[in-house]
1. Could you compute how much accessible surface B:VAL47 exposes when probed at 1.4 Å, giving the result in Å² to the nearest 10?
2. Going down the list B:LYS122/B:LYS148; B:LYS83/B:LYS148; B:LYS148/B:LYS189; B:LYS97/B:LYS348, which pairs span over 21 Å between their C-alpha atoms?
3. Once you keep just the Cα pairs under 8 angstrom separated by 6 or more residues, what percentage relative contact order results for chain A?
4. Counting heavy atoms of the protein chains only and a 1.4 Å probe, report the per residue accessible area for the stretch B:61-235 as a whole number of Å².
5. Given H placed on each backbone N at 1.01 Å, which residues far from A:GLU36 in sequence or on other chains put an amide H within less than 5 Å of it?
6. Divide by every residue of chain A the summed helix terms, -39500 (n - 2.57) for each DSSP H run of at least 4, and state the resulting mean residue ellipticity at 222 nm, rounded to the nearest 500 deg cm²/dmol.
7. Pop out the carbon and sulfur fraction of the accessible area of the stretch B:61-235 as a percent, whole number, probe 1.4 Å.
8. Just to be sure I understand: if you take the accessible area of chain A alone plus chain B alone and subtract the pair, with a 1.4 Å probe, what total do you get in Å², rounded to 100?
Amino acid sequence: MERPLIEVENVSKSYRRDALEIPVLKNITLSVPEGEFLAFMGPSGSGKTTLLNLIAGIDKPTEGRIFVGGTDVTELSETELALWRSRNVGFIFQFYNLIPVLTALENVELPLILTPLSKKERRAHAKTALSVVGLDERLHHYPRQLSGGQEQRVAIARAIVTDPAILVADEPTGDLDKVSAEEVLALMERLNRELNKTILMVTHDPRAAERASLVRHLEKGELA
Amino acid sequence: MLELLKLLMRNTLRHKLRSVLTVFGVGVAVMAFALLRTVVTAWYAGVEASAANRLITRHAVSFVFPLPLAYRDRIAQVPGVSKVTYALWFSGVYIDKNQFFARLAVDSETFFDVYPEFLIDKEQFETFKRERNAAIIGVEIAKRYNLKIGDIMLLEGDVYPGQWQFVVRGIYQPRDQTTDPATMMFHYKYVDERVRQEAPDRAGQIGWYIVRITNPDDAAAVSEAIDKLFENSRAETKTETERAFQQNFLSAASAVITAMNIMSFVIIGIILLVLGNTMIMSARERTHEYAVLKALGFSGAKLFSLIAGESLILSVFGSAVGLLVTFPAVEGFQKALPKGWFPVFYIKPQTILFAVISGLLVGLAASLIPVRRVVATRIVEGLRHVG
């Protein structure tokens, strides 16, 4: 039997506020096979984003282990984690988080700076990624010259340009109008279906969750 | 690498007004630093110009007391001495009391042998030696008062009262920037002859001896030997190296010089604060962006390059602006001073080098706190940050 792409084993996470220990995630165990489009739903404070951050390697669990593609990300040092993220994770944020002084093309090219690709190759990859999201006409536009939906599509292009193993999306439609949200969700669905991208998405929006192949609910730090 | 450079250039220009003000702030501070260092250099010009093989023999009590001319031959006998000359501080007023430059009565036969840094045309020098009231002036004096060979210079004597008329017979060029280009020199004999008639008790006295020695390493022994010659005489001597002699002059102004030295380094601190403040503000505003970059896989070293690079761009531009302004500022400062206050006044290459190095170091130092904060901030905290 093929090993799942993502394995979360008995993961707990708590934060310390002064003398108080606040548990956020409690003993989570989860497996995500490659090519899955998984949505996490749940009320605010249920630990959805924290779980996503732990899997994406931008936070560390208090207890437990997380394997992604066979690598125990909880064992990696900060430097190793940075390198691992650059190769394995694509990020899609609620507020797009594009660099305002860079054009769409330069924003998409940004993660490729960390790879050994030549400038020409980087440009070609970035252009391809932007054409996948339907923005080949907006290469040289700055984020302020784009609509919210277009900004999010640039962010998706930036997330896929390194061809990562997983895409993590934290409320990707949370700041978009209905039409733009539909476009972004359709795009993510296409990436999952056509390019077999494994997507983990946190959302409050049931319509967004409908696009996922699997929905998991979190309640008070536990998987329901 | 080029992409990172592009990003840090654009980050630098993100708040144009702030960047321009920071560059000017750094520029003004660098200019003030270079100006202060130049003034300190000017104070030390005499010390800088000192030759290792020259000793100064003066009256043991004070420089203002004269020494007998008769000491010359005895000093010349001391082993290790290769040449002896002498000078007399004539003082006097040229045009008015605000026109300051050194006026020295010298032994025209030997003085210029001991001071080879005064470069004079051979023909002019021969003419000077032949005429009793001839004078040699520095090129700076000639420029300042539009004097040419053959022009008359009238001095109103104060230490040696009366009207004194000199004819310019030579204009010397300084050998290098440390040589005073504004000294007037004339025959001691001319002065002494008149003093012999008008105030005979002051005749046959000189201000100080300049002793050229064969080996600079023997300076202490030769000095001791000279002073021993005149022990228990009416005019005991004190012999020291020219450098020590010049430093004694500076001791009166040592507090001012120390203050200026300290101030010049305080200014470096001010540059650091100006730049550090800008960098801290910029980095705080971009906490969210840096968290995104970290999430994308940018290492601490890459973020350091981005922040330190931006800081360096500001400091290098600021230093360049400051140094460009320094040249006219130094010129203006010199013009604003009474004529001849600082005869040697120039920006030392070391001052420029020091300003550039300080700019670079300050640029790096100013980025340390923001870099530390950015690197220490956890990605999840940075992503939550609202700037």
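The values are calculated or read from the model by the stated rules, or taken from the named source; none is laboratory data. What you see is a predicted model; the values in this text were computed from it and never measured. All Cβ positions, even for glycine, are placed from backbone atoms using ideal geometry, and neighbour counts span all protein chains on display. Each accessible area value is taken on the protein alone, full model and side chains, heavy atoms only, with ligands, DNA and RNA left out. Shrake-Rupley method; radii C 1.70, N 1.55, O 1.52, S 1.80 Å.
1. 10 Å²
2. Numbers: B:LYS122/B:LYS148 17 Å; B:LYS83/B:LYS148 32 Å; B:LYS148/B:LYS189 24 Å; B:LYS97/B:LYS348 30 Å.
The pairs that break the limit, which is 21 Å between Cα atoms, are B:LYS83/B:LYS148; B:LYS148/B:LYS189; B:LYS97/B:LYS348.
3. Relative contact order for chain A comes out at 30 percent.
4. Heavy-atom SASA per residue in the stretch B:61-235 reads 50 Å².
5. Excluding prolines and chain starts, which carry no amide H, the hits are A:ILE199.
6. Numbers: 7 runs with 76 residues, N = 224.
Value at 222 nm, helices only: -10000 deg cm²/dmol.
7. Details: 4340 of 8740 Å².
Ligands and nucleic acids excluded, carbon and sulfur give 50 percent.
8. Working: alone 11070 and 19520 Å², together 28460 Å².
Chains A and B together bury approximately 2100 Å².
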